[in-house]
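K.L.:
Quick one: this structure, given as structure tokens, is what I'll be asking you about.
The values are calculated or read from the model by the stated rules, or taken from the named source; none is laboratory data. For clarity, every value in this text was computed on a predicted model and none was experimentally measured. Using ideal geometry, Cβ is built from the backbone for each residue, glycine included, and neighbour counts are taken over all protein chains shown.
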Amino acid sequence: MTAPIDLRSDTVTRPTDAMRAVMAAAPVGDDQYGEDPSTNRLQARMAEMLGKEGALWLPTGTMANQVALRTLTRPGDEVVASRESHAAWHELGGAAANAGVQIHEIGQGGLFSVDELRAATKPRNFAIFPTTTLVEIENTHNRAGGVVVPQDLVLSICGVARELRLATFLDGARLWNASAASGVALDRLAAPFDLVAVAFSKGLGAPGGSLLAGSKALIADADRHRRRMGGAMRQNGIFSAAALHAIDHHLGRLPEDHANARLLAERLLAGAPVQLDLRTVQTNIVVFHLPVSMPLDAPRVCTLARERGVLVNAFGPRTIRAVTHLDVTQMQCASAADVLVALLSA
């Protein structure tokens with residue numbers, strides 16, 4: 001039986017043989033005691049790559065985001081984030097449940113302006129308002145189609161945040177893709193923020209693991225929250241070794257994923273009656289919408305595509321997402337496009 005072409009996410013990748021080998025051979029110790037050499041090496045390397053004083057390994061991207069909220073806010077605070085951000089839509093209400101904060105979504109298409117940030121920031125010490133204490137940027141922005149937030153806009157937003165006495169957090173789960181697409185180095189993308197999160201299972205093909213980077217003081221606070229949430233593991237050097245291998249061997253190939261996403265998007269737009277703005281296809285994510293006149297909805301399209309060997313995700317009643325990654329080739333992406341076009345044009 002032929003394996004399906006899996007475009008549900010770049011998290012579905014399996015470790016390569018070479019990655020499995022370095023995982024099996026990884027030097028390990030008890031990370032609760034700070035004695036896992038592979039994790040210590042990864043944290044030091046990522047702190048340098050992101051231009052921060054310290055870094056902290058965490059098992060998942062959601063936990064990294066949740067720990068960041070716990071570190072930078074207090075219960076009852078308000079966080080300003082882009083509309084349809086991961087923190088608001090894909091973390092099971094964790095911002096409220098774990099950090100006790102509410103998220104104020106602003107902007108459109110993964111971006112927001114400094115004027116929108118100013119308007120969203122509540123006046124301090126007003127009796128009935130929550131205190132706005134944090135602004136969060138997601139780069140690349142998942143639900144907007146993997147768009148890259150322009151760095152000049154990032155600098156402007158973080159500058160206004162400092163003026164308004166707001167902390168800054170970068171949800172950079174796919175920051176690798178933002179760097180590859182924009183040509184801006186990781187440390188420059190991370191520089192304006194107090195805390196930065198990255199994920200090794202998105203884009204880079206590692207089987208798990210994320211990381212926070214920031215000042216030594218913030219990382220020390222984040223470590224306490226990580227432990228409180230059960231995220232301090234033992235011999236997690238096997239995951240850290242996978243991440244180190246991914247940085248060495250998979251970072252440079254990300255433009256291939258971007259090109260494959262573009263190929264998929266162009267074929268969809270040329271052959272099927274879908275709503276798709278090619279300007280949003282900047283990295284490895286393709287989000288397209290089904291017109292209301294089409295009898296098929298997104299879940300049904302996903303079911304029919306699965307029956308034909310193509311896996312994609314319904315992102316809403318009439319919205320579908322496809323994500324390219326190192327486990328799908330250019331030829332497979334072209335074949336997937338043909339399957340989807342045939343379904344949507346029938």
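K.L.:
Quick one: how many residues across segment 296-311 are touching a Leu at 6+ places or on another chain (Cβ under 7 Å) and among the hydroxyl-bearing types (Ser, Thr, Tyr)?
P.N.:
Selection size over segment 296-311: 0.
K.L.:
Residues of segment 225-242 being hydrophobic (A, V, I, L, M, F, W, C), surrounded by 24 or more Cβ atoms within 10 Å (Cβ to Cβ) and more than 19 Å from the chain's Cα centre (by Cα), which ones?
P.N.:
Correct list: ALA241 only.
K.L.:
Against the definition (over 24 Å from VAL287 (Cβ atoms), touching a Cys at 6+ places or on another chain (Cβ under 9 Å), at pLDDT 95 or above and outside any helix (DSSP H, G or I)), how does THR133 come out, yes or no?
P.N.:
Considered against the rule, which asks whether it is over 24 Å from VAL287 (Cβ atoms), touching a Cys at 6+ places or on another chain (Cβ under 9 Å), at pLDDT 95 or above and outside any helix (DSSP H, G or I), THR133 comes out as no.
K.L.:
Could I ask something else about it? Please state which of the following conditions ALA265 fails to meet, knowing it meets all the rest: (1) in a helix (DSSP H, G or I); (2) more than 29 Å from PRO15 (Cα to Cα).
P.N.:
Unmet for ALA265, out of (1) in a helix (DSSP H, G or I); (2) more than 29 Å from PRO15 (Cα to Cα): (2).
K.L.:
So, one more: Could you list, ordered by first residue, the pairs with Cβ atoms under 6 Å in which the first is in segment 285-306 and within 26 Å of ASP257 (Cβ to Cβ) and hydrophobic (A, V, I, L, M, F, W, C) and the second is assigned to a strand (DSSP E or B) and at pLDDT 95 or above, at least 6 apart or interchain?
P.N.:
If the second residue must be assigned to a strand (DSSP E or B) and at pLDDT 95 or above, the pairs left are ILE285/VAL323; VAL286/ALA322; VAL287/ARG321; PHE288/ILE320; ALA298/ALA314; ALA298/THR319; ALA298/ILE320; CYS302/ALA314.
K.L.:
Which condition number does ASP115 fail, the rest of (1) touching a residue at least 12 places away in the same chain (Cβ under 8 Å); (2) assigned to a helix (DSSP H, G or I) being met?
P.N.:
So ASP115 meets the others, but not (1).
K.L.:
Out of segment 170-224, which residues are more than 12 Å from the chain's Cα centre (by Cα), on the phi < 0 side of the Ramachandran plot, in a loop (DSSP other than H, G, I, E, B) and surrounded by 24 or more Cβ atoms within 10 Å (Cβ to Cβ)?
P.N.:
Residues satisfying the conditions are PHE193, ALA206.
K.L.:
What about THR140, is it over 23 Å from ASP10 (Cβ atoms), touching a residue at least 12 places away in the same chain (Cβ under 8 Å) and not assigned by TED's automatic domain parsing to the domain that holds LEU278?
P.N.:
For THR140, the condition - over 23 Å from ASP10 (Cβ atoms), touching a residue at least 12 places away in the same chain (Cβ under 8 Å) and not assigned by TED's automatic domain parsing to the domain that holds LEU278 - is not met.
K.L.:
Restricting to segment 116-155, name every residue that is within 30 Å of ALA322 (Cα to Cα) and of a type in the set (Gly, Ala, Ser).
P.N.:
Hits for segment 116-155 are ALA144, GLY145, GLY146.
K.L.:
Let me ask something else about it. Which members of segment 128-169 meet the condition of being on the phi > 0 side of the Ramachandran plot and surrounded by fewer than 23 Cβ atoms within 10 Å (Cβ to Cβ)?
P.N.:
Scanning segment 128-169 gives a single hit, ARG165.
K.L.:
Is it true that GLU266 is surrounded by 16 or more Cβ atoms within 10 Å (Cβ to Cβ) and farther than 18 Å from ALA173 by Cα?
P.N.:
When the stated conditions are applied, GLU266 does not pass them.
K.L.:
Going through ALA96, ALA55, ALA25 one at a time, which residue ends up being in contact (Cβ under 8 Å) with a residue 12 or more places away in the chain and under 19 Å from HIS225 (Cβ atoms)?
P.N.:
Just a single option satisfies the conditions, and that option is ALA55.
K.L.:
Does LEU244 satisfy the condition of being in contact with a Lys or Arg (Cβ under 9 Å, 6 or more places away or on another chain), assigned to a helix (DSSP H, G or I) and under 30 Å from ASN40 (Cβ atoms)?
P.N.:
Considered against the rule, which asks whether it is in contact with a Lys or Arg (Cβ under 9 Å, 6 or more places away or on another chain), assigned to a helix (DSSP H, G or I) and under 30 Å from ASN40 (Cβ atoms), LEU244 comes out as yes.
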